[in-house]
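Undergrad: A single structure is presented below for examination.
Computed from the coordinates by the stated procedures, all read-outs in this text should not be read as laboratory data. As the structure is a prediction and not an experimental result, all values here were calculated from the model. Positions of Cβ are backbone-derived with ideal geometry, glycine not excepted, and every protein chain shown enters the neighbour counts.
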Number of protein chains: 4
Amino acid sequence: MIIVLKPEATEAQIKHIVTKVKSIGLKPMISRGAERTIIGVIGEEDLLRVQPLEVFPGVEKVMPVLAPYKLVSREFKPADTIIEVNGVKIGGKKVAVLAGPCAIENFELLLSIARSVKKAGASVLRGGAFKPRTSPYSFQGLGEEGLKFLAEAKKRTGLPVITELMDLRDLELIERHADIIQIGARNMQNFDLLKEVGRSKKPVLLKRGMAATIKEWLLSAEYILQNGNFNVILCERGIRTFETEARYTLDINAVPLIKSLSHLPIVVDPSHSSGRWGLVPAIAKAAVAAGADGIIVEVHAKPEEALCDGPQSMLPEKFAKLMVELRKVARAVGREI
Amino acid sequence: MIIVLKPEATEAQIKHIVTKVKSIGLKPMISRGAERTIIGVIGEEDLLRVQPLEVFPGVEKVMPVLAPYKLVSREFKPADTIIEVNGVKIGGKKVAVLAGPCAIENFELLLSIARSVKKAGASVLRGGAFKPRTSPYSFQGLGEEGLKFLAEAKKRTGLPVITELMDLRDLELIERHADIIQIGARNMQNFDLLKEVGRSKKPVLLKRGMAATIKEWLLSAEYILQNGNFNVILCERGIRTFETEARYTLDINAVPLIKSLSHLPIVVDPSHSSGRWGLVPAIAKAAVAAGADGIIVEVHAKPEEALCDGPQSMLPEKFAKLMVELRKVARAVGREI
Amino acid sequence: MIIVLKPEATEAQIKHIVTKVKSIGLKPMISRGAERTIIGVIGEEDLLRVQPLEVFPGVEKVMPVLAPYKLVSREFKPADTIIEVNGVKIGGKKVAVLAGPCAIENFELLLSIARSVKKAGASVLRGGAFKPRTSPYSFQGLGEEGLKFLAEAKKRTGLPVITELMDLRDLELIERHADIIQIGARNMQNFDLLKEVGRSKKPVLLKRGMAATIKEWLLSAEYILQNGNFNVILCERGIRTFETEARYTLDINAVPLIKSLSHLPIVVDPSHSSGRWGLVPAIAKAAVAAGADGIIVEVHAKPEEALCDGPQSMLPEKFAKLMVELRKVARAVGREI
Amino acid sequence: MIIVLKPEATEAQIKHIVTKVKSIGLKPMISRGAERTIIGVIGEEDLLRVQPLEVFPGVEKVMPVLAPYKLVSREFKPADTIIEVNGVKIGGKKVAVLAGPCAIENFELLLSIARSVKKAGASVLRGGAFKPRTSPYSFQGLGEEGLKFLAEAKKRTGLPVITELMDLRDLELIERHADIIQIGARNMQNFDLLKEVGRSKKPVLLKRGMAATIKEWLLSAEYILQNGNFNVILCERGIRTFETEARYTLDINAVPLIKSLSHLPIVVDPSHSSGRWGLVPAIAKAAVAAGADGIIVEVHAKPEEALCDGPQSMLPEKFAKLMVELRKVARAVGREI
């Protein structure tokens, strides 16, 4: 932690800060320059973080030196985390493909999509039973019935399944039916929900909030690890910017950045980020080329009748074609699908 | 709803769309131009919203004509909503001032702050018992004990109190102790939480999400009204932009925009938006001049020891001085404090 | 300048950096902590800025301590700069009001608008002869003819005039006709243009770029001062964010921030920032309440026929009404109009 | 163009608008619905664009149907534009690689970098002689001397060269020495500069402004084409968002979006967008996988001594390794390098 003092800071003010820092058990180092005096505090930065040093008289600004997260950092655990779900590995050499409809609408449709994505090479089936919708007038999901359909589709195809948890009262229900629990972008800072899934035994896919910095995203993951669940998959799904030609701006930098800052696997969602299925193939290939550990894609057999996100869903045949292309890109960067 | 067709759309495709629109009971009107054909559908736009028209063959884009919210709109209810909380009116001629510490830390401090903000003219006491913190290592609030302190401070000062609800399992507890329930920016799209407070009898202060458009914010308010609770106060608290000199960019446009789009009262939070108490007076005055129905300000008697947001808290004497200035600005725009 | 080293930095790497710092004539101070070593360099930070220290082996990041601008800073010149233009002061107790049409379209209209804004109390007449238009198919301005109209309107009304310079080859022409040279948002980082107006004797109004941080904006002003022209007026005109309900998001925080960081006067443009005249009164009042030294407003007698920005132009009678309200707000914050 | 009327619009107001539309020679079509009346105007949308229809009494909003650009659009010219520069094709099957130092510092260094990037397979040499620098205290480039070094490096290596034009008075000078003229992000809306290069015979690489929408970027390109120069290469170089972990957020969506909206080639700049050489390989590979027609990369033999952008420059050996990887990715998506 570096404490930069104002040009007019007095000796008494400097002493006051130094006393405070020492009282926490830390060692301040004072450097006096022509224009500013700075106080460096090396060591347990966390002890200082809870102190509102900016309000101390004479302080101009406080600059942290260390990252605020720990358990999720590569410094804490240098080796890649590989998460295994019913035989599917996420984070290793193989690029995972999670595919399926946005929302579960009825069993036949779900099963048909599940079969076609499996045939094309997907490793996990996605499908929402509880849907976070911007408008109260939009379809809110089938709820428990949808979860049962999902479990049945899993039984018939052998694909592990992922579904979103929105209300922490539904955790047990979702744990019963799903293999991976998804936390949506809008709940990335629903800290009570994070604590609950931190106590779960199931892997968690944590989507990045649409205005979350990478630091905040990793701190949200830290909530989960700190509560005991180390099986967290990060998912970049686009951030909100001024550009409206696509729904969100996919932050492709996040892929190599997460890889360098954290040991957790990262997957990319080209469907929600673009909002248009026509962009999905290019972005999916870019994600794999950039080093993503997987992609999560919306596939729907009848987009015209989809109750949710029809415009961004690929037809099964388009998805199958994409899988062929993705395999080539994966191989070009030393991965497999 | 306007459906714009691609230049190459065929007659069969146009017919397919027209049939679909009619099957929902709506009347399509076709306009054929040199470069594009468009289909206008006037009427119950909501019936069409759930249809993924963008995926129909031949469609280039779909443009909604009506706002997606209803109950919160000024079109639905032209007169200003005035919310009364223990004798304090929010939304009328008087500008409400909600003030207090970020987090409740101990009873004596809370009471002392409550007394000083009351003396300066504040109408509601704020204080957090459950705190949404970006890092799991930050102070998370006193919980139920904090609520009891708040209730006791209310008893002693007569000020109604507002506090944040994060976990819907705490709703009953918070309803017991608080007069206004605050939904924080990070939970603005926690739809299950919105539905729950929609069923509450207590007024709700709904903070704008840091990346929420005004449209999305109003749709979140719509969730609350649609579940039966019409006492919603909107709170602009800054949006996330590229500028980092202050913590967030306060969207001052939101004040007149909300006033024109909705009948709900709007208050402004200059403390969280700026992250620095030095900016609070200028922004508070700007908010009142722009027509805000209130402000919510952090005041702390000992910011150096604050467990949360010390840097943005004003000292009681600075707050008292601000209140004197605010009264003048309020009068200049035909309001009172 | 603080140089933070990687945990694995070697002694040889540290020595290499220390040698480099010393070779520039600066004094490095090494602080060794448990998790990181940091090197503080106090003094002529500028000498280090041109060194790409981040690329030195062993360096994790480099954090500047001092602001990168000098002449524009309040540290350099504590007293407010007051700029005088033909008897009108900008930056003092009086709030300046610059008003007029977006573009100069014909002389009669310009004169009629000039007379009505003067009558309402405006102190400077604005009007564009060269217009920066997003599309090549939009009206590009009358050019030199427009400047002559502007000069004539000045002669008839006595109002000093401001107009935009886009092409540095037009500088002399504009200097001949205008009292204040405007640099538009799109040219805020047209550094050759900044250097040229830095050599001019006329005051310059420098609009903030739509994606410029306050730091970059001040650095652009620094280009002008550093070339010899100290009469710079800063103009906040809205930044680009994800919100589209208004054209730009006016950064109201910029007003108190600029006041604390710089001695230069700041004015606010509520017309371009909102893009809708209906928002102008609220934002103009907010700007004055926040401490702005002036506002620049678009007024047009016949918005239906405006060749540029009709939707954001106020009718003269609406502007006159706004002036009455603004005077009250100015008085409430100890200013005058 | 769709004109949406307010619910309270009168018949007289509707008639007034209809008359105006007809007077321009266009045909309005009125659709009356329960909640709104809309007027569709199909045809020469440009004729209406210059009309400030939003200010007409009774109008709620105006929604354009057609894109505002023409010559750059794929609708205007369906086939890909392929630009040939001294035998190098940009926009065809081969992915172009433009590489070199950020700024030209001295001849020996430039030549050494030029030779190494050529050997690794780059097709164009980049290097700045005039540098747009945020701070007036940063290195501003060697100017004409730098251009001569560049021309000499071209002569010795055979690589065509690209360099930035900032000041339109330098156009002739740059045309003499360079094969491609670069317009930087900060000048994307310097419309006078765009018009000038529109009259040049040299191809232009137009960088996207850091806050420019894709629409605005294409309109800036339209300025160049409309002035007669059809050889424009678009360059995505990252947009400004709230995320600060990298310097800018590379908008990878822009690659497939430009491909669908325009016939112009698009290249990606992974160096400026990330600001850190460590991110360059991942982003370069992502760009090629997404369908970019080229990349422009900063390479420097001695980043520790670079006068500009050292931290984002790759060492020649790292660049050579990247080229090997890029070739594989290019092949995986049916391209070549």
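Undergrad: Summarise the partner chain shielding of D:160-168 as one whole number: the mean count of Cβ atoms from other chains within 10 Å of each residue's Cβ. Show your work: numbers first, answer last.
TA: On the way: counts 0, 0, 0, 0, 0, 0, 4, 7, 4.
Mean shielding by partner chains, rounded to a whole number: 2.
Undergrad: Can you give the average number of partner chain beta-carbon atoms within 10 Å of each beta-carbon in peptide C:214-224, as a whole number? List each step's numbers first, then the result.
TA: Numbers: counts 4, 5, 3, 0, 0, 6, 4, 0, 4, 5, 1.
Rounded to a whole number, the mean comes out at 3.
Undergrad: Quick check on packing: order A:192-198, B:92-98 by the mean number of other C-beta atoms within 10 Å, highest mean leading. Don't skip to the answer; put the middle values down first.
TA: Working: A:192-198: 22.1, B:92-98: 20.6.
Output ranking for A:192-198, B:92-98: A:192-198, B:92-98.
Undergrad: In whole Hz, with x marking every Gly and Pro, tabulate ³J(HN,Hα) for region C:190-203 from phi via Karplus 6.51 cos²θ - 1.76 cosθ + 1.60, θ = phi - 60°.
TA: 8, 5, 5, 5, 4, 4, 4, 5, x, 9, 7, 9, 8, x
Undergrad: Roughly how many debye, to the nearest 20, is the charge dipole of the protein assembly as shown about its Cα centre, given +1 on each Lys and Arg Cβ, -1 on each Asp and Glu Cβ, and no other charges? Present the calculation step by step, with values, prior to reporting the outcome.
TA: On the way: 192 positive and 156 negative charges, 0 e Å.
My answer is approximately 0 debye.
Undergrad: Which order do the peptides B:11-24, B:301-314 take when ranked by the mean count of other beta-carbon atoms within 10 Å per residue, highest first? Could the numbers behind the result be given before it?
TA: Details: B:11-24: 14.6, B:301-314: 21.3.
Highest mean packing first, the order is B:301-314, B:11-24.
Undergrad: What net charge do the residues around A:E298 carry, taking every other residue with its C-beta under 9 Å from that of A:E298, with Lys and Arg at +1 and Asp and Glu at -1?
TA: Its environment carries a net charge of -1.
Undergrad: Per residue and in Å³, how big is the convex hull formed by the alpha-carbon atoms of region A:124-246?
TA: In region A:124-246, the Cα hull volume divided by residue count equals 116 Å³.
Undergrad: Around A:G209, which amide H atoms from residues at least 5 apart in sequence, or from another chain, sit under 5 Å from its own amide H, with H modelled in the peptide plane?
TA: Those qualifying (amide H under 5 Å, at least 5 residues apart or on another chain) number zero.
Undergrad: Got the C:I24 label distances to the other copies yet, label 7 Å along Cα→Cβ, in nm, shortest first?
TA: 2.9, 5.7, 6.2
Undergrad: Here is a follow-up. Placing the label point 7 Å from Cα along the Cα-to-Cβ direction, what are the distances from C:N106 to the equivalent spots in the other copies, shortest first, in nm to one decimal?
TA: 6.5, 6.6, 7.7
Undergrad: Give the percent of DSSP beta bridges with both residues in the protein assembly as shown that are antiparallel, rounded to the nearest 5.
TA: 40
Undergrad: Which FRET efficiency value, to the nearest 0.05, do you get for D:K302 and D:K61 by plugging their Cβ-Cβ distance into 1/(1 + (r/R0)^6) with R0 = 56 Å? Please report the intermediate quantities before stating the final value.
TA: Working: r = 56 Å, r/R0 = 1.01.
FRET efficiency, D:K302 to D:K61: 0.50.
Undergrad: How large is the Rg to Rh ratio of region A:64-175 when both quantities use alpha carbon positions and Rh follows Kirkwood? Before the final figure, lay out the partial values.
TA: Numbers: Rg = 17.0 Å, Rh = 15.9 Å.
Expressed as Rg/Rh, it is 1.07.
Undergrad: Right, another one. Taking the Cα centre of region B:2-63 as the origin, how large is its charge dipole in debye, to the nearest 20, when only Lys and Arg (+1) and Asp and Glu (-1) carry charge on their Cβ atoms? Write out the running numbers ahead of the final one.
TA: Details: 9 positive and 8 negative charges, 31 e Å.
Result for region B:2-63 is approximately 160 debye, rounded to the nearest 20.
Undergrad: Between A:K6 and B:S260, with labels modelled 7 Å along Cα→Cβ, what's the label distance in nm to one decimal, could you check?
TA: 4.1
Undergrad: Angle check, please: helix B:316-332 long axis (alpha carbons) against the longest principal axis of chain B (alpha carbons), in degrees 0 to 90, nearest 10.
TA: Approximately 50 degrees, to the nearest ten.
Undergrad: Now for a separate question. In percent, how large is the relative contact order of chain A, given Cα pairs closer than 8 Å and 6 or more residues apart?
TA: Working: 700 pairs, mean separation 55.3, N = 337.
Normalised by residue count, the contact order of chain A is 16 percent.
Undergrad: To continue, here is another question. Cα convex hull of region A:201-246: how many Å³ per residue? Don't skip to the end; give the middle numbers.
TA: Working: hull volume 2.7 nm³, N = 46.
Cα convex hull per residue, to the nearest whole number: 59 Å³.
Undergrad: Moving on. Which aspartates and glutamates, on any chain, are close to D:K118 with Cα under 20 Å apart, when same-chain ones fewer than 8 places away are left out?
TA: Cα-Cα hits under 20 Å: D:E84, D:E105, D:E108, D:E152, D:D179, D:D269, D:D293, D:E298, D:E317, D:E325, D:E336.
Undergrad: Closest approach to the D-C rotation axis by any Cβ of D: residue and distance in angstrom?
TA: Minimum Cβ distance to the axis, with residue: D:A211, 2.
Undergrad: What translational D, rounded to a whole number of µm²/s, comes out for region C:2-63 from Stokes-Einstein when the hydrodynamic radius is the Kirkwood one over Cα pairs, at 20 °C and 1.002 mPa s?
TA: Values: Rh = 11.5 Å.
In µm²/s, the coefficient is 187.
Undergrad: Using the structure shown, list the pairs from C:K15/D:K318; B:K285/C:K77; C:K202/D:K201; A:K93/C:K6; A:K202/A:K328 with a Cα-Cα distance above 30 Å, or answer none.
TA: Details: C:K15/D:K318 25 Å; B:K285/C:K77 27 Å; C:K202/D:K201 37 Å; A:K93/C:K6 28 Å; A:K202/A:K328 32 Å.
Going by Cα-Cα distance, C:K202/D:K201; A:K202/A:K328 fall outside the 30 Å limit.
Undergrad: Give me the one-decimal Kirkwood hydrodynamic radius in Å for region B:1-153, with the sum taken over alpha-carbon pairs. Please list the in-between numbers first.
TA: Numbers: mean 1/r = 0.0481 Å⁻¹.
After inverting the mean inverse Cα-Cα distance, the result is 20.8 Å.
Undergrad: Tell me the Kirkwood radius of chain D: reciprocal of the mean inverse pair distance over distinct alpha-carbon atoms, in Å.
TA: Numbers: mean 1/r = 0.0465 Å⁻¹.
Taking the inverse mean of 1/r over all distinct Cα pairs, chain D comes out at 21.5 Å.
Undergrad: Okay, next question. Projected area of region C:208-337, taken from the Cα convex hull and averaged over every viewing direction, in nm²? Working shown, then result.
TA: Working: hull surface 34.5 nm².
Averaged projected hull area, Cα only: 8.6 nm².
Undergrad: Rg and Dmax of the protein assembly as shown, Cα atoms, in Å?
TA: 30.4, 87
Undergrad: Which one, B:V72, B:P132, B:L48, is farthest towards the positive end of the dipole of region B:34-137 when Lys and Arg carry +1 and Asp and Glu -1 on their Cβ?
TA: Highest projection toward the positive end goes to B:P132.
Undergrad: Once you charge only the Cβ atoms, +1 for Lys and Arg and -1 for Asp and Glu, what is the size of the charge dipole of chain C about its Cα centre, to the nearest 20 debye? Write down the numbers at each step before the final one.
TA: Details: 48 positive and 39 negative charges, 176 e Å.
Charge dipole, chain C, about its Cα centre: 840 debye, nearest 20.
Undergrad: Shortest first and in nm to one decimal, what separations exist between D:K89 and its copies in the other chains, measuring from label points 7 Å along the Cα-to-beta-carbon line?
TA: Ordered by distance, the counterparts are at 4.3, 7.0, 7.6 nm.
Undergrad: Relative contact order (percent) for region C:2-63, with alpha-carbon contacts under 8 angstrom and 6 or more residues of separation? Write down the numbers at each step before the final one.
TA: Values: 86 pairs, mean separation 31.1, N = 62.
Result for region C:2-63 is 50 percent.
Undergrad: Ok, one more. Per-residue Cβ counts within 10 Å, from other chains only, averaged over C:205-213: what number is that? Could the numbers behind the result be given before it?
TA: Values: counts 0, 0, 0, 0, 6, 7, 12, 7, 7.
Average neighbour count from other chains, rounded to a whole number: 4.
Undergrad: Give me P(r) over region C:73-138, computed from all C-alpha to C-alpha distances, binned every 10 Å, as integer percentages.
TA: All Cα pairs, binned at 10 Å, distribute as 18, 33, 28, 17, 4 percent.
Undergrad: Cα convex hull of region C:131-195: mean projected area in nm², to one decimal? The partial results should precede the final answer.
TA: Values: hull surface 18.9 nm².
Averaged projected area of region C:131-195's Cα convex hull equals 4.7 nm².
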